[in-house]
Each structure stands twice: as structure tokens, then as C-alpha cells.
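Encoded as C-alpha cells, the structure appears first; notes follow it.
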Amino acid sequence: MSKAEFKQPSALLFSLITFFAITFFGVYWTQSATDSIISQQQSILSDLSRTQASSLERHLSAAFTSAQILAYEVELNNGNTDWFNDYADKLIQSIGGIENLQLAPDGVIQKIYPIKGNEAAIGLNIVSSPRFIDEAILAIKNRKLFAIGPVPLVQGGIAVISRSPIFLNKGTQYEVFWGLASAVIYLDNLLKNTQLKQLEAEGYQYTLVRPHADQKQQILLFSSVAPLMKIQASTDLILPVGSWTLTISRDLDLQLEKRKTFGYILSLVVALLLSMSLYGILLQPLRLRTLVKEKTAELQQLAYNDPLTGLPNRRYLQDSLPNTLFNNQKRKRISAFIYFDLDNFKRINDTIGHDIGDQVLIIVADRLNKLRGISDLVVRLGGDEFGILLSDIMNQAEAEEFANKILNSIRTPVNIDDKEYFLSTSLGIAMIPEHGDDLVTIMQNADMALYQAKLLGKNQHSFYNENMKIRTHNLIKAEEDLSLALQRNEFELYFQPQFNLHTDQVFGAEALIRWNHPEKGLVFPNDFIPLAESTGKIVELGYWILEAGIAYLAKRKLEGRPDILLHINLASSQLSDPSFIVLVKELLLKYQVPAHLIGFEITETSILEDVHLARALLQTFKDMGICIAIDDFGTGYSSLSQLKNLPVNLLKIDRSFVMDLENDPDDRKIIEAIIAMAHKLNIRVLAEGIETREQWKMLAEFQCDFGQGYYVSKAVTADEFNQGLPITHKE
């Protein structure tokens, strides 16, 4: 009996010791699991804040820098702002995300682009306005770019504004404050470029703050509806106006408290049960460890997956690719990386909406997933950009075959809400390890191949090769040379005579540009005009030709030479410039040249870009007395019937119809028909490319009015043209 009594208190004591030990152990593991979840969530929040901050930083930096670019242009033009609208339009188009650009001489807003919808801001004095005065004066004093906001605009909307003070004659004793250049970004539009709203819907909170100009306080730019929680992460945006801070948090307090309470209660219950069973004691830490692993896996899934499409994201590719490449190299496997985006996808978002755009991306991601093999990896890199890593292929032909599958899959129409959307894609392919063995090199080379595919017309694939890198380098060098050529005035006008087929008299000339390159010598237009068009320099180059041509006519007048009609070619971008008419009038007035001494040559294709705009512009020029000529007629898509609706004086028959005139009866019939119908419309006709006396005679018989070609002269310098040698026929 005493032995049993001894056993009972001993068992009770052992049970109590076991109970307290297990309870303590359970509490410890509950707290550890909670801390682990918090740590993992903190890591996820850090990644999210860095990703969103990067997106904001990229858009804000580009937008803020636009104010500095405007300031630089004002300083470069010594305060003249006639260029503002055209330049601002191109700046907004190239940078994107900017609501409008402003110039404020002496602090008073006088120019805004676009003006529509922003008229209320004209005349606002930034320097004296109570809302802006402190930071404006501080920025002028320190001569630094600054930002203000959030600001309710007088024209409506909430925006953040970057402003750059402008000083003329910098570094001299005549330095003077000119005014301010501003770039306006709507906060709503800025938010649309991020995933913050989507994250908020998923239970996250966020704030974006910036320091006040005096650095003594923080200004809230925007935030989620719910305030920030304890678990949060912050990332600084390094901007031209200083550092802003994006903070993202997640409301896990209640969830964690419930988890901890549950853990403590569970520990007590388990401790009570496991105090009588060693098996139960061992089960509890195992269960807790499993729970931690599950939550860790969930958090890792969130960090590595794109929330829209469910595909692995760029971070997953960065983390997993080195190991994949190492294994492939070890096993001597060939791989390929296909980098691509959807052609003109921005048009869907802009015209139909981002909701449809998101659905399109989800459908595309699903199609790509169905194409991939077991060892392949499909990732969404951002926006409409995707990548596919073919981990194990035999040769380049297999990569090409897979690329064709992608092209065919994307071409299949997408059906959403009973509507069909037609897509295409362009692909750049880099072979591994031939074209690189690290992520940066592989993606750079695949990107160059993608650019080549787009140059070739999109909706196709292109493999990377070393020539692409050379071409890219040469293109950058050519762009730099072209910019320097405009600065150094390396261009020169040549003149090809235009003559009357019935009087043998030279009545005018076509102005043709040549580039006196310091290294290559004389460069012809075919070698640099396409580059000028692709880089946007064609407008500046066109204005140089216009002024140089008018200046030449003025010089002839001063030298007592007879008047000629000088034809100048116009680019399509000049036809869409609203200030072009004013510029022409100013140049004619400046050089005192009558309008009837110049003519403008426009191609059919440039007119067809906007027929209504071209008709109004050309009619204005014709009313001024300027000769309007259609160049290269017959090679485009227009017809003679369209000419009755255009204010045209002269039709230039393309040289392709003249070169074989003596032998091709079809060319003769076409030319006769063009001349007859043009004359019916009171339009004179000039034939290009006349190289023989026989061509001259035939064209004269067809009643063609004028000619141009090597039979009389190639394009020559101004000095050679001024000699005015008579036309000598070679019978």
C-alpha cells in the first residue's frame, strides 16, 4: 500500500514536471514560429517595396528630368521658347507618364503643353503663390530642381510637380534668373504604373512620403485607406529632387495574435496529454516545425510568382538561372532563352482598358504554359514582356521550331466578352552558352535580337549574332555624328536644275542636301535621312534645308542673278507641325524672299498620313504663292482622282517610269495618261530622271511641261549652279 502511495505522488510530480516542461517548450516554439512568419513577411515586404519603389523611381525620375531638359533647352535657346510645343510633345511621347509641361518666365506660367484642359493654370504666379512660394524661393536660391505635392491644381486633379529654375548666361556677370520649367504628374496616373492598388486589395497598406524643402517634416503624397501596420518595410526612391520613401505593410497583427493564442492553448492541451505520453511530447515540435515550413513555402511562393498570371517572375529567374545553367554546363546541354513582348500591346491598354489588357496577359500566359516542355521555364518579366528558358535542346533548329510555335499560338485570336482581339509578338533568341552564360549577358543579347525582329517588321523571331552588337554600336555612333553635324553645320545644299522641255531654259532647281562628313567625306541623303527619321532629327534637318534654301535665294538676289523657282522637299513630320506655317512666313520675311520663288515637294505617302491636315496646310501655302509639287508620283497608293481635292501646282513623274521610256510601251501609256489627266486638272507636269535626248523628245511630244535629270546636270554646288551654263543637246 505504501508502495502504491509512493508511486502516486511520484507520478503526479513527474506529470507536473512534464506538463510544465512541455508547456514551456510549446510556448517557445509558438513564439519562434511567429517570429519566423514575421521575418519571412518582412522579407516579402522588403521585396515588394523595392519592386514598387523601382517602378515609381523610374517613372518619377524620367518625368522630373523632363523639367531639367526643358530648362536646359530654354538656356540653350537664350530664353526663346518658340520651340516649346513641338519639343514638349516629343518629350511627353518619349518619356511618358507626364500630364503636362510648363514654362513660367519670371515665375508666371505662360506656356503649357498640352494646353487643352490646362487653360486655368495660365497666368499663375508660382513664386508669389502661398502654396508654392517657400519651396520655389528655396530652389531658386539653391539653383536646384525641386518637387512639390500633392497639389490640387487650379485646372483640376491632384498632382506632384517638379520644377527646375532657369538661369540665362550662366557663369558670367550677366547671369539672370529667367523663370521655371515644370513637369506635372497626376498622382492617380502614377499609381496606375504600380501594383499598389492591387496590393491594397490583397490586404497590404502603403504610404509614399517626401521631405519638405527645409527637410524638417515629411509630406504624405498618397497612402492606402488603412494605416500602416507594425510589420512594414521601407525603400528610398533616389530621385533628382532627393530621396522619397515608400513604405509597405501588411495587417497580420490579429492573425498573429490568434495564432499565438491558439499556440499557447494548444501547448497547454498538448502538454496535458503529452505529460502522460512521450510520443505526444515528440509530436508537438514536429507539428510546429511543419507549420513553419508550410508558411515559409507560402511566403516564398508569393515572392517568386507573378500575382496576375501565376507565372514565375523575374526574381525567380534571377535566383534559379545560375543553378540551371551550371547543371546544363555540367551535363553539356544546349539551352536557349527566348525574350519577347506583345506587338502594340500598349494600344489595347490605352484604347480598350487595363482590365481587358490583364485578361489578355492571363490568356497568353496560359497558352505559353501549354507549349512548354517539362524542363522549360516560362516567366513573366514585367508588363507584356515574357521569357522562356528552353533548358534542354539539341540545336538551334529546335529553338527556332519552338519560336514558331509561340508565334502561331499568339496569332490565334483572343476571345473576351464575345469580342476578338488579334495579337502578334516579336521574339529575340539567345543560345546558351554560345551567346552568354550569365543572366545579364543572355538578356542583353536576346533583347538586341528582339529589337532586330521589330526592325524587320515584327511578328517574327530573330537569333542574336555578333553583327547586332556591331550594328548597335555603329547606330549609336551614327546618331552622335548626326547630332554633331547639325551643331557644326557640316551640311551643304546641292542644286539639280529643272528645265522647260519646250524652251530649253532652266527655270529652277531642286534643293538636295549633302553631308560633308569629317571622316567619310561627301555623304548622300540615302545614307543618313533614314537615320534622321528614326531619331527624330529629320524635323531639325528639314528646317535647316528650308532656311538654307531661302538664304540662297536671297543671296542670288543680292548678287543680281535672275530669279529661279527652288523646290524644297518636306518631311511628313513637318506637315504635322502646327508652327510650320509661321516659321515659313518668318523666314521669307527675314530674308525678304517672295513666296512664289519657292516650292514644296511632298510625297504621296506623307499626304496620306493625314489627308485633311495636309490639304489645309498645302492650301495655305498655295494661297501664299508657294508652288506645291507631288514628288515621286505613281509609286505610292494615291490616284489622279485624289488630286482634284488637293491644292497642287506641279506633278513630278517618278524616274522609274522614265528610265525605260524608249523601250517599254506600258511606261509610255502611263506617262501619257498622267500628263493628260494632270493637264485636265490644270496641273503642270515635270518628269524626273531624264538621261537621254530621246527621252526628252518623247516627253515633249507627250506635252510634258518640265524635266529634271542627268541629261542636263546632276546635283551641283551653289557655285556651279550659279554659272548658269546653257543646255546643249547631244543629238
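The values are calculated or read from the model by the stated rules, or taken from the named source; none is laboratory data. Nothing here was measured: the structure is a model prediction, and the numbers come from that model. Glycine gets a Cβ as well: all are built from the backbone with ideal geometry, and neighbour counts include every protein chain shown. Surface accessibility is based on the protein's heavy atoms, side chains included, excluding ligands, DNA and RNA. Shrake-Rupley method; radii C 1.70, N 1.55, O 1.52, S 1.80 Å.
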*Would you point out the residue of region 176-198, among those that are among the hydrophobic types (A, V, I, L, M, F, W, C) and at pLDDT 85 or above, that is surrounded by the fewest Cβ atoms within 10 Å (Cβ to Cβ)?*
176
*Got a sec? Which of 363, 406 is surrounded by 19 or more Cβ atoms within 10 Å (Cβ to Cβ), among the β-branched types (Val, Ile, Thr), over 22 Å from the mean Cα position of the chain (by Cα) and at pLDDT 85 or above?*
406
*Kindly indicate whether any position in region 28-47 is touching a Phe, Trp or Tyr at 6+ places or on another chain (Cβ under 9 Å) and open to solvent by 20 Å² or more (accessible area, probe 1.4 Å).*
no
*Do we find that residue 377 is touching a helix residue (DSSP H, G or I) at 6+ places or on another chain (Cβ under 9 Å), open to solvent by 10 Å² or more (accessible area, probe 1.4 Å), modelled with pLDDT of 85 or more and under 29 Å from residue 467 (Cβ atoms) in this structure?*
yes
*Is it fair to say residue 158 is open to solvent by 20 Å² or more (accessible area, probe 1.4 Å) and either in contact (Cβ under 8 Å) with a residue 60 or more places away in the chain or over 26 Å from residue 358 (Cβ atoms) (or both)?*
no
*Looking only at region 381-388, decide whether some residue is buried (at least 19 other Cβ atoms within 10 Å of the Cβ) and over 26 Å from the mean Cα position of the chain (by Cα).*
no
*Which listed residue is more than 20 Å from residue 166 (Cβ to Cβ), open to solvent by less than 40 Å² (accessible area, probe 1.4 Å) and assigned to a helix (DSSP H, G or I), from 63, 67, 53*: 53
_If I filter region 202-248 down to residues being of a type in the set (S, T, N, Q) and in a loop (DSSP other than H, G, I, E, B), which single residue comes out as most open to solvent (accessible area, probe 1.4 Å)?_
215
*Of all helices (runs of 4 or more DSSP H) completely enclosed by region 531-598, which ones contain at least 3 residues that are over 22 Å from residue 723 (Cβ atoms) and modelled with pLDDT of 90 or more?*
538-558, 580-591
*Got at least one residue in region 266-274 being in a loop (DSSP other than H, G, I, E, B), out of contact with any Gly (no Cβ under 6 Å at 6 or more places or on another chain) and modelled with pLDDT of 70 or more?*
no
*Given (1) assigned to a helix (DSSP H, G or I); (2) in contact with a helix residue (DSSP H, G or I) (Cβ under 9 Å, 6 or more places away or on another chain), where does residue 616 come up short, assuming only one miss?*
(2)
*Are any of the residues in region 709-727 closer than 30 Å to residue 645 by Cα, surrounded by 15 or more Cβ atoms within 10 Å (Cβ to Cβ) and either touching a helix residue (DSSP H, G or I) at 6+ places or on another chain (Cβ under 9 Å) or of a type in the set (Asp, Glu) (or both)?*
yes
*Hey, could you check region 634-658 for residues that are in contact with a Ser or Thr (Cβ under 7 Å, 6 or more places away or on another chain) and among the small types (Gly, Ala, Ser) and say which is modelled with the highest pLDDT?*
656
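Residue-by-condition table, conditions (1) in a strand (DSSP E or B); (2) touching a residue at least 40 places away in the same chain (Cβ under 8 Å); (3) among the hydrophobic types (A, V, I, L, M, F, W, C):
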| position | (1), (2), (3) |
| --- | --- |
| 149 | yes, yes, no |
| 154 | no, no, yes |
| 164 | yes, yes, no |
| 171 | no, no, no |
| 174 | no, no, no |
| 184 | yes, yes, yes |
| 191 | no, no, yes |
| 194 | no, yes, no |
_strands (runs of 3 or more DSSP E) enclosed by region 432-523 - at least 2 residues per element that are of a type in the set (S, T, N, Q)_ = 491-500
*Considering only region 367-380, how many residues are in contact (Cβ under 8 Å) with a residue 40 or more places away in the chain and over 26 Å from the mean Cα position of the chain (by Cα)?*
3
*Could you list, in sequence order, the residues of region 675-708 that are in a helix (DSSP H, G or I), in contact with a Leu (Cβ under 7 Å, 6 or more places away or on another chain) and open to solvent by less than 50 Å² (accessible area, probe 1.4 Å)?*
678, 695, 696, 698, 699, 700
*Return yes when residue 481 is of a type in the set (Asp, Glu), surrounded by 15 or more Cβ atoms within 10 Å (Cβ to Cβ) and either more than 30 Å from residue 408 (Cβ to Cβ) or in contact with a strand residue (DSSP E or B) (Cβ under 8 Å, 6 or more places away or on another chain) (or both) and no when it is not.*
yes
*Test set (1) touching a residue at least 60 places away in the same chain (Cβ under 8 Å); (2) under 21 Å from residue 548 (Cβ atoms); (3) out of contact with any Lys or Arg (no Cβ under 8 Å at 6 or more places or on another chain); (4) among the charged types (D, E, K, R) - residue 492 fails condition number*: (3)
_I'm checking my understanding of the structure. Among residues of region 322-344 that are modelled with pLDDT under 80 and of a type in the set (A, V, I, L, M, F, W, C), which one is farthest from residue 435 (Cα to Cα)?_
326
_The lone exception for residue 370 - which of (1) closer than 25 Å to residue 195 by Cβ; (2) at pLDDT 85 or above it fails_ = (1)
_Residue list for region 128-146, filter: open to solvent by less than 40 Å² (accessible area, probe 1.4 Å), out of contact with any Asp or Glu (no Cβ under 8 Å at 6 or more places or on another chain) and either modelled with pLDDT under 80 or part of a strand (DSSP E or B) (or both)_ = 129, 132, 135, 136, 139
*asked:* I'd like to check something: does region 529-538 contain any residue that is hydroxyl-bearing (Ser, Thr, Tyr), open to solvent by 60 Å² or more (accessible area, probe 1.4 Å) and on the phi < 0 side of the Ramachandran plot?
replied: yes
_Residue under evaluation residue 149, criteria (1) under 29 Å from the mean Cα position of the chain (by Cα); (2) within 24 Å of residue 85 (Cβ to Cβ), criterion not met_ = (2)
*Scan of region 387-424 for residues that are aromatic (Phe, Trp, Tyr) and free of Cβ contacts under 8 Å to residues at least 60 places away in the same chain, ordered by number*: 422
